[in-house]
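Notes to accompany the following structure.
The values are calculated or read from the model by the stated rules, or taken from the named source; none is laboratory data. For clarity, every value in this text was computed on a predicted model and none was experimentally measured. As a convention, Cβ positions derive from the backbone with ideal geometry for all residues, glycine included, and neighbour counts pool all protein chains shown. The area values use the complete protein model at the heavy-atom level, side chains included, leaving out ligands, DNA and RNA. Shrake-Rupley method; radii C 1.70, N 1.55, O 1.52, S 1.80 Å.
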Amino acid sequence: MPVRTAHATEIGADDVARRMRAELASVEPVVVLYFAGGRRDPRALAEAMQRAFPGALVVGCTTAGEREGRAWRKGSVVAMALGAEVVRDAAVAVIENLRGRADVKDALAPLEAHFGRPLASLDPSRHVGLLLVDGLCMAEDRLMDRLGDLTDIPILGGSAGDDLAFASTWVAKDGTAYTNAAVLLLLEPAVPFRALKTQSFRPLDRTLRVTACDEATRVVHAFDGKPAAARYAEVLGISADELADHFQRHPLGLMVGDEPFVRSPQQLRGESVVFYCNVPEGTVLTVLEASDIVEDTRRALATAREELGGASALVDFDCVLRTLEIETRGLVEPYGALFEGVPTVGFSTYGEQFVGHVNQTATMLLLG
């Protein structure tokens, strides 16, 4: 079998790694992906997973929930082994000091050395990047902008979580765990692939312009020249006291044609609104309204599978805000059923990567 998935509930790093080695033994992996929730030492787990798969590139991160197939898990470790039949070639690099002055170009030099050419010359139809980022660094927007300057290949991924503790999040490669860092796994699949994005919102005929903000901390002080919270509530037709209760159903979107790239509000800070994404001054955002999360995701997956003529593996980066909505609305089973029959691993993220940094979105890599 070229692809296999597994999960472990053991706490000890060596116990998890032994379980994964046994469960994934039928694959000689080129790449092993793992996503880990719960109270495990991320450094010990990274070391143990690399020892268990010494011939593979082993890449992972911490989570706010894990998916294996249709099963939604919390506090577990899920993993996927990808063999040479689906991954022709792969290389991985770590980008450190995201909160400071990360030298992204130098950090990605190992990828260029491996593939023997500049990233800018890689064929976007043959290569794809999976990006795992420290979910508390608040540097995803800047990082994605820089990556877009360096390459045209599709890059998607998720920001690591820590079970909603918001204390520390970790990414891992080659047996080492990092915080304040990102890991970019560059794949040359041996099969057709699709990078896809889906969100379950429709745009309303109402917009807000950011007129005062602190971009570095993702705080908007004013929309349309008015206090941000008051103006946001005004366009929703509610009082400012009710606004936080409407964040999940009515986030804002940066519209690219008819496609929203979601910017989700996190909390109120006085009369200001804190977001999970950067929202620079001058940005015009459209008010969004939640739609059918199960049907929208089903349609996106069905279209991609039809284009590929099948599916051998799926890696899913699903926003923790989507997860909370799915749980609150009792949709865990119907949503999980969408992944039936396709080897799938994924995790609940603190933000998603697709062209830029987005929220309340699922970004996925589907391998044919």
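Considering region 40-64, the residues that are open to solvent by 10 Å² or more (accessible area, probe 1.4 Å) and in a helix (DSSP H, G or I) include one that is farthest from ALA177 (Cα to Cα), namely ALA52.
Against the definition (part of a strand (DSSP E or B), touching a residue at least 60 places away in the same chain (Cβ under 8 Å), in contact with a strand residue (DSSP E or B) (Cβ under 7 Å, 6 or more places away or on another chain) and open to solvent by 10 Å² or more (accessible area, probe 1.4 Å)), how does ARG67 come out, yes or no?
In short, yes.
Within region 230-239, is there a residue that is farther than 30 Å from LEU45 by Cβ, modelled with pLDDT under 95 and acidic (Asp, Glu)? No; the residues of region 230-239 include none that is farther than 30 Å from LEU45 by Cβ, modelled with pLDDT under 95 and acidic (Asp, Glu).
Looking only at region 320-362, residues that are of a type in the set (A, V, I, L, M, F, W, C) and over 18 Å from ALA160 (Cβ atoms) come to 8 in all.
Taken together, the criteria place PRO260 among residues that are open to solvent by less than 50 Å² (accessible area, probe 1.4 Å) and in contact with a Ser or Thr (Cβ under 9 Å, 6 or more places away or on another chain). When the residues of region 80-109 are filtered to those that are over 21 Å from ALA181 (Cα atoms) and assigned to a strand (DSSP E or B), the one that is nearest to the chain's Cα centre (by Cα) is MET80.
Taken over region 6-25, residues that are under 16 Å from LYS74 (Cα atoms) and either of a type in the set (Ser, Thr, Tyr) or open to solvent by 80 Å² or more (accessible area, probe 1.4 Å) (or both) amount to 2. Looking only at region 207-216, residues that are farther than 12 Å from LEU285 by Cα and modelled with pLDDT of 95 or more come to 3 in all. With respect to GLY37, determine if the residue is in contact with a Ser or Thr (Cβ under 6 Å, 6 or more places away or on another chain) and either surrounded by fewer than 24 Cβ atoms within 10 Å (Cβ to Cβ) or among the acidic types (Asp, Glu) (or both). Judged against the criteria, GLY37 is a match.
All of GLU259, GLU333 fail the test of being acidic (Asp, Glu), out of contact with any Phe, Trp or Tyr (no Cβ under 7 Å at 6 or more places or on another chain) and modelled with pLDDT of 95 or more, apart from GLU333. With respect to the conditions (1) open to solvent by 40 Å² or more (accessible area, probe 1.4 Å); (2) within 12 Å of the chain's Cα centre (by Cα); (3) among the acidic types (Asp, Glu), GLU352 lacks only one, and its number is (1). The strands (runs of 3 or more DSSP E) falling completely within region 110-222 that include 2 or more residues that are loosely packed, with under 15 Cβ neighbours inside 10 Å map to 201-214. Restricting the search to region 303-337, which residues are more than 22 Å from ARG73 (Cβ to Cβ), open to solvent by less than 40 Å² (accessible area, probe 1.4 Å) and in a helix (DSSP H, G or I)? Correct list: ALA304, LEU308.
Just to be sure before I move on: is ASP296 more than 20 Å from the chain's Cα centre (by Cα) and either touching a residue at least 24 places away in the same chain (Cβ under 8 Å) or surrounded by 17 or more Cβ atoms within 10 Å (Cβ to Cβ) (or both) in the structure I sent? No; evaluated as a whole, the condition is false for this residue.
For THR344, the criteria (1) open to solvent by 30 Å² or more (accessible area, probe 1.4 Å); (2) under 29 Å from PRO192 (Cα atoms) hold in every case but one, which is (1).
Within region 89-106, residues that are under 28 Å from GLU28 (Cα atoms) sit with their Cβ atoms under 7 Å from residues that are open to solvent by 50 Å² or more (accessible area, probe 1.4 Å) and outside any loop (DSSP other than H, G, I, E, B), at 6+ positions apart or across chains, in these pairs: ALA91/PRO110; ALA91/HIS114; ALA93/PRO110. The set of residues in region 277-300 that are in contact with a Cys (Cβ under 8 Å, 6 or more places away or on another chain) and not hydrophobic (A, V, I, L, M, F, W, C) comprises PRO280, GLU281.
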